[in-house]
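The values are calculated or read from the model by the stated rules, or taken from the named source; none is laboratory data. Remember, predicted model here, so these are calculated numbers, not experimental data. When we count neighbours, we look across all protein chains shown, and the Cβ atoms used for this are built from the backbone with ideal geometry, even at glycine.
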Amino acid sequence: MQVMAIANLKGGAAKSTTTFNLAGVLVEAGFQVLCIDIDPQKTLSEAFFGVKVKEQTLSAVLAKDGLLSSAVQPTSFKGLYVVAADDDLKAIKSGQTQIEGGELRLRSCLTRLKANLDQVNDHKIDWVLIDCPPSLDRLTMNALVASDAVLIPVDPGAGGRVALADTLEYVASARKWYNPTLKLLGLLITNTDTRTIYDQETTRVVREQHGDLVFKTVVAASVRIRESTESQVPLVFCKGSEFNRYAEMYRALKNELFQRITVKERSKE
Ligand SMILES: Nc1ncnc2c1ncn2[C@@H]1O[C@H](COP(=O)(O)OP(=O)(O)OP(=O)(O)O)[C@@H](O)[C@H]1O
Ligand SMILES: [Mg+2]
């Protein structure tokens, strides 16, 4: 089971859109994927996947020692599961609700989940993607501590670059204090219009500052990508040739990602 956080302090940097479409691409490649929405905004689970929280909430799992497996819900896509975000995550975020186990809580939940799921073979999860909130708080730290790897979607503009520096520092502290093997998989330039001088220039600056850490794949800005989240269908499953170009971008991202972590392709059963 590979666990990957999608994080960035910057709001609107396309964390949820990246998580949504990467999940689609991984499922298309034959993997079983669990998305955990740890952002109280509920964008990924409620807005994009249309999955609302049921009895067992993520906040209760984190704060009251519940089982993560009982918060897992299916989506309309085979092999794709979601743990939905809920309103009480706000109290955890603000520190109003304490988490027993602190920063290590989600990590221990995932270790238990893995043990539970391994016993039930057909529910095996290959990938866990954690969509973080736009803040460097205890929810994001819990995600970073629970993860093998982190991917950072980047807004290459001036404000985005400042937020990126802070995010990288936060990743470094997660590694230093809790998770020494956490791998920074890469920076993804996304929601960008390469036809504009502005986007060309800001992209150049990010590449100059961060070199090979930046994925070669760039996800273009397109209304098709907004349409896909609006219709709650990841791009790779959207009907219509107008979506192909954008689905291809996420497939290319997945391939680069696999090269970086040397995961073997799994053919569709
Ligand atoms: N490639 C793209 N083309 C067009 N619009 C995009 C693209 N990627 C993201 N967006 C839009 O940008 C906005 C922010 O995207 P998203 O919600 O994924 O960002 P986020 O980083 O998760 O935001 P938050 O920090 O609030 O969690 C959304 O309206 C989304 O539809
Ligand atoms: Mg989001």
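Overview of values
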| quantity | calculated |
| --- | --- |
| Segment 12-24 residues that are over 13 Å from residue 127 (Cβ atoms), paired with ones that are within 8 Å of ligand 2 (Cβ to nearest atom) and in a helix (DSSP H, G or I) (beta carbon under 8 Å, 6 or more apart) | 16/43; 16/44; 20/44 |
| Any chance residue 143 is buried (at least 19 other Cβ atoms within 10 Å of the Cβ), in a helix (DSSP H, G or I), within 12 Å of ligand 1 (Cβ to nearest atom) and at pLDDT 95 or above | no |
| Filtered residues of segment 50-66 (kept if within 16 Å of ligand 2 (Cβ to nearest atom) and surrounded by 18 or more Cβ atoms within 10 Å (Cβ to Cβ)) | 51, 58 |
| Selection from segment 1-41 of residues that are part of a loop (DSSP other than H, G, I, E, B), near ligand 2 (Cβ under 9 Å from one of its atoms) and charged (D, E, K, R) | 39 |
| Residue under evaluation residue 110, criteria (1) closer than 20 Å to residue 180 by Cβ; (2) within 16 Å of ligand 1 (Cβ to nearest atom), criterion not met | (2) |
| Conditions (1) more than 14 Å from ligand 1 (Cβ to nearest atom); (2) over 21 Å from residue 112 (Cβ atoms); (3) of a type in the set (Gly, Ala, Ser): number failed by residue 60 | (2) |
| Close pairs (8 angstrom Cβ cut-off, 6 or more residues apart or separate chains): closer than 11 Å to residue 221 by Cα and of a type in the set (D, E, K, R) in segment 189-202, at pLDDT below 95 and within 16 Å of ligand 2 (Cβ to nearest atom) anywhere | none |
| Every pair of residues 6+ apart whose Cβ atoms lie under 6 Å, when the first sits in segment 227-242 and is on the phi > 0 side of the Ramachandran plot while the second is of a type outside the set (Phe, Trp, Tyr) | 232/50 |
| Scope segment 38-57; condition closer than 19 Å to residue 140 by Cβ and either away from ligand 1 (no atom under 16 Å from the Cβ) or without any contact (Cβ under 8 Å) to a residue 12 or more places away in the chain (or both); matching residues | 57 |
| Residue check for residue 15: of a type in the set (Lys, Arg), in contact with a Pro (Cβ under 7 Å, 6 or more places away or on another chain) and within 23 Å of residue 247 (Cβ to Cβ) | yes |
| Failed condition for residue 137, given (1) in contact with a strand residue (DSSP E or B) (Cβ under 8 Å, 6 or more places away or on another chain); (2) free of Cβ contacts under 8 Å to residues at least 60 places away in the same chain | (1) |
| Residue within segment 8-28 that is polar (S, T, N, Q), crowded, with 24+ Cβ neighbours inside 10 Å and more than 11 Å from ligand 1 (Cβ to nearest atom) present | no |
| Residue 79 surrounded by fewer than 19 Cβ atoms within 10 Å (Cβ to Cβ) and on the phi > 0 side of the Ramachandran plot | no |
| Hits in segment 152-206 (condition: within 16 Å of the chain's Cα centre (by Cα), of a type in the set (Val, Ile, Thr) and closer than 19 Å to residue 225 by Cα) | 152, 154, 189, 190 |
| Selection status of residue 47, modelled with pLDDT under 95, surrounded by fewer than 24 Cβ atoms within 10 Å (Cβ to Cβ) and over 21 Å from residue 252 (Cβ atoms) | no |
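Per-residue answers, yes or no, for (1) touching a helix residue (DSSP H, G or I) at 6+ places or on another chain (Cβ under 8 Å); (2) not basic (Lys, Arg):
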site: 174; (1), (2): yes, yes
site: 178; (1), (2): yes, yes
site: 195; (1), (2): no, no
site: 225; (1), (2): yes, yes
site: 258; (1), (2): no, yes
